[in-house]
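K.L.:
Sharing a structure below in structure tokens format, with a few things to ask.
The values are calculated or read from the model by the stated rules, or taken from the named source; none is laboratory data. Keep in mind that this is a model prediction, so the values were computed, not measured. As a convention, Cβ positions derive from the backbone with ideal geometry for all residues, glycine included, and neighbour counts pool all protein chains shown.
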Amino acid sequence: MELQWEEPIDKTGSAIVSQYVLLYGHPDSAIFLYYKKKAAAAGKTACTLKENIWPGRTYRFAVAAENKAGRGEFSDFSESITVPSESGKII
């Protein structure tokens, strides 16, 4: 599943993002998984998530940036997204 997000607005003066942390899980669940994605270059705000994602299941996603000053706040959760089925169609 390809995910994209916007680069965070710098409020602290620590503008270099070292990695992003994705938080994701089923919309009705209280349990969420973490996935860390190293920032390959400035402005790189996408990744392909293949771990613990199943076709036909629905998830919500949030993202936070990390740098040497620590982790920022997580974004609001996305709308619910259903992973395409094996046929590749969005359900």
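K.L.:
Six or more apart or on different chains, Cβ under 9 Å: which pairs go from a residue in the stretch 67-79 that's under 16 Å from Asp28 (Cα atoms) to one that's surrounded by 12 or more Cβ atoms within 10 Å (Cβ to Cβ) and of a type in the set (Lys, Arg)? Could you list them?
P.N.:
That search, which allows pairs on different chains as well, returns Phe77/Arg60; Ser78/Arg60; Glu79/Arg60.
K.L.:
Right, next: Give the stretch 43-53 a look and list any residue that's part of a loop (DSSP other than H, G, I, E, B), over 20 Å from Gly72 (Cβ atoms) and either among the β-branched types (Val, Ile, Thr) or at pLDDT below 80 (or both), or say none.
P.N.:
Lys50, Glu51, Ile53
K.L.:
Next up: Of the conditions (1) surrounded by 15 or more Cβ atoms within 10 Å (Cβ to Cβ); (2) part of a loop (DSSP other than H, G, I, E, B); (3) at pLDDT 85 or above, Glu73 clears all except one; give me its number.
P.N.:
In the conditions (1) surrounded by 15 or more Cβ atoms within 10 Å (Cβ to Cβ); (2) part of a loop (DSSP other than H, G, I, E, B); (3) at pLDDT 85 or above, Glu73 misses (1) alone.
K.L.:
So, in the stretch 1-42, of the ones that are within 20 Å of Asp76 (Cβ to Cβ) and of a type in the set (Gly, Ala, Ser), which residue ends up modelled with the lowest pLDDT?
P.N.:
Checking each candidate, the answer is Ala30.
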